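Heads up: the structure comes next, in structure tokens.
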């Protein structure tokens, strides 16, 4: 039976038996301010998601989170709960790399951030918003993150 993999846009892909699969580890941060969650929208998507991304071989998981969070939002996490709130495993197809991955996504609670003067990469990030909790739904937030966000809203 062919395994199904999902790309960054949410499209499904059937992996051929000859395609190689690599492991991918990524870190994402959930930061709540009042009753709003900090989310980003990538240029290739129409849905919001938590800031974060893939870990480089040379960095720690928390180092990855800090780098990705700053690059995507312009905020530097200054207080992170070091135990992940959740770890989600999925089949991911990187359509930009033509590569299949067994993905392990770590989600961390960020309690404090510091704003920087650095700008987000406009070639990657379309929007950075604080979205009210009551506006978060399957219609506007990435499928593999919406349940996590709504379950961790406190």
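Quick look at the values:
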| quantity | calculated |
| --- | --- |
| Helix-only [θ]222 nm of the chain, DSSP H runs n ≥ 4, -39500 (n - 2.57) each, per residue, nearest 500 | -4500 deg cm²/dmol |
| Calculated SAXS-style log₁₀ I(q)/I(0) at q = 0.24, 0.26 Å⁻¹ - the stretch 65-126, Debye, Cα scatterers | -1.03, -1.04 |
| At R0 = 35 Å, FRET efficiency that the Cβ-Cβ distance of residue 95 and residue 130 yields, to 0.05 | 0.75 |
| Cβ crowding within 10 Å averaged over residues, with 52-61, 131-140 ranked highest first | 52-61, 131-140 |
| Radius of gyration and Dmax over the Cα atoms of the stretch 96-154, both given in Å | 14.6, 38 |
| Kirkwood Rh and Cα Rg combined as Rg over Rh, evaluated for the chain | 0.96 |
| Relative contact order for the stretch 49-105, counting Cα pairs under 8 Å that sit 6 or more residues apart, in percent | 21 |
| Overall Cα dimensions of the stretch 1-56, principal axis frame, Å, largest first | 48, 25, 20 |
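Each value in this text was obtained by applying a stated rule to the coordinates, not by laboratory testing. Bear in mind that the values here come from a model prediction, so they are computed numbers and not experimental data. Positions of Cβ are backbone-derived with ideal geometry, glycine not excepted, and every protein chain shown enters the neighbour counts.
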